[in-house]
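Inspection log for the structure reproduced underneath, given as C-alpha cells.
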Amino acid sequence: MTTLLYRGQQYAQHKEVAPKQLVELTYRRTVYANNKLKAAQTHPVLTYRGQEYQK
C-alpha cells in the first residue's frame with residue numbers, strides 16, 4: 001500500500017492504484033484555425049426574456 005501525506009498527516013491508501021491509459025494529445029494548427037474561423041463566421045441569435053440579440 002502507498003503511504004500518503006495530507007495536511008501533515010500520513011495515512012495508508014486502502015485501495016489499489018488503478019493503472020491509467022496514456023493518452024497522447026496532438027495539436028493540429030489547421031484544424032484549430034478552421035474551427036476558430038467557422039465559429040467567428042456564425043452569429044447565433046440569443047434570446048433573453050423574449051428579446052433576441054446577437055453576440
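In whole angstrom, the chain maps to an equivalent ellipsoid with semi-axes of 48, 23, 10, each derived as √(5λ) from the alpha carbon gyration tensor and ordered largest first.
The angle between the Cα long axis of helix 29-41 and the longest principal axis of the Cα atoms of the chain comes to about 50 degrees, rounded to the nearest 10. Qualifying chymotrypsin sites (Phe, Trp or Tyr not before Pro) in the chain, where qualification requires a DSSP coil assignment and no more than 15 other C-beta atoms within 10 Å, comprise 27. Placing unit charges on the Cβ atoms of the charged side chains and taking the dipole of the chain about its Cα centre, the candidate lying farthest along the positive direction among 51, 32, 12 is 51. The simple spin-label model puts a point 7 Å past each Cα toward its Cβ; for residue 23 and residue 43 those points are separated by 3.6 nm.
Read the figures in this text as sums done on the coordinates, not as results from a lab. Keep in mind the model is a prediction, meaning the values are calculated, not measured. Ideal geometry is used to build each Cβ from the backbone, glycine not excepted, and the neighbour counts take in all protein chains shown.
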